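Okay, structure first, notes after.
The values are calculated or read from the model by the stated rules, or taken from the named source; none is laboratory data. As the structure is a computational prediction, the values presented were derived from the model and not from experiment. Ideal geometry is used to build each Cβ from the backbone, glycine not excepted, and the neighbour counts take in all protein chains shown.
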Amino acid sequence: MCQCQQTATAEPQQEAVENRLLPKAYTILAIERHTEQEWNFRVSRDFDVHYGQFVEISLPTVGEAPISVSDYGDGYVDLLIRKVGKVTDALFALDVGDKVWMRGVHGNGYPLETYRNQHLIVVAGGTGVAPVKGLLRRFSKHPEEVKSLDMILGFKNEQAVLYRHEMPLWAEQQNLIVTLDEGKESEQFRIGRVTDYIDQLDLADKEDIQAIVVGPPVMIRFVVLALLERGIPKDRIWVDYERRMACAVGKCGHCRMGDTYICVDGPVFRFDQAQHLID
């Protein structure tokens, strides 16, 4: 009888393929309440991230929601979450030390190198301030990285103001204008729409200007029009167009506009390449 020893042939090893639809558990490190409806969740991270990108945050059996990255640091990411539905209601019931599930990071962020040594203008409204918060902090802590920085941030009223504790640094290092739709004017706050204050900016150096606009679609439309009227070229205006995003990988089609998938091709777009998306 043959005494041959049988050996199994090893299967060739295959490189692990990242499943971008598979979430992972992360720990809540801190919770900061800005308003009754808007809280900042600092969550642990083990992935690379850039300003302007977003993550999908979820809770098992509850659901999933896309949330913009407002800031990040060594081993953590900051997420400003507004309480508006089933998922966010459940998130607001959590505490430090609890786990949330995230997948990502997704989307294209702000091109920082494009803004270096430029006159940067940031116009944002309401929770639209969140996606640019980290950018404002960075260029306020390192003002030498930009030629100058003008910030026009709009809120409904004084109670709705976000990142109030960050603003002294922003105002000290750069030009900060905070507007309120309603309330009383003060040294810290102006009354009116963000578009009312664009004319107060010195835009003589048009060849060195880069502008970022974030907020509701109506606000984006009128701010962009105001910038164009002041002679800012379309290819120097950047819009953060987060709308109807769901799967984050271009599969569900909810955010599709023509041939563009907001979650994959954006949410940050140069206006000359995305003007057909603004409605």
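Name the one entry in I177, I152, I198 that is in a helix (DSSP H, G or I) and surrounded by 14 or more Cβ atoms within 10 Å (Cβ to Cβ). Result of the check over I177, I152, I198: I198.
V218 meets each of the listed conditions (1) hydrophobic (A, V, I, L, M, F, W, C); (2) loosely packed, with under 14 Cβ neighbours inside 10 Å; (3) within 25 Å of T114 (Cβ to Cβ) apart from (3). Considering G128, G104, the condition of being closer than 21 Å to F269 by Cα and assigned to a helix (DSSP H, G or I) is satisfied by G128 alone. L162 satisfies every condition listed in (1) more than 27 Å from D78 (Cβ to Cβ); (2) part of a loop (DSSP other than H, G, I, E, B); (3) in contact (Cβ under 8 Å) with a residue 12 or more places away in the chain except (1).
Look at the range 201-223 and say how many of its residues are among the hydrophobic types (A, V, I, L, M, F, W, C) and assigned to a helix (DSSP H, G or I). Summing the residues that are among the hydrophobic types (A, V, I, L, M, F, W, C) and assigned to a helix (DSSP H, G or I) in the range 201-223 gives 5.
Would you pick out the residues in the range 18-37 that are surrounded by fewer than 18 Cβ atoms within 10 Å (Cβ to Cβ) and within 19 Å of F92 (Cβ to Cβ)? Result: A25, T27, L29, A30, I31, E32, R33, T35, E36, Q37. Checking the condition under 30 Å from H142 (Cβ atoms), at pLDDT 90 or above and of a type outside the set (G, A, S), which residue from D265, D240, D235, D205 passes? The match here is D235.
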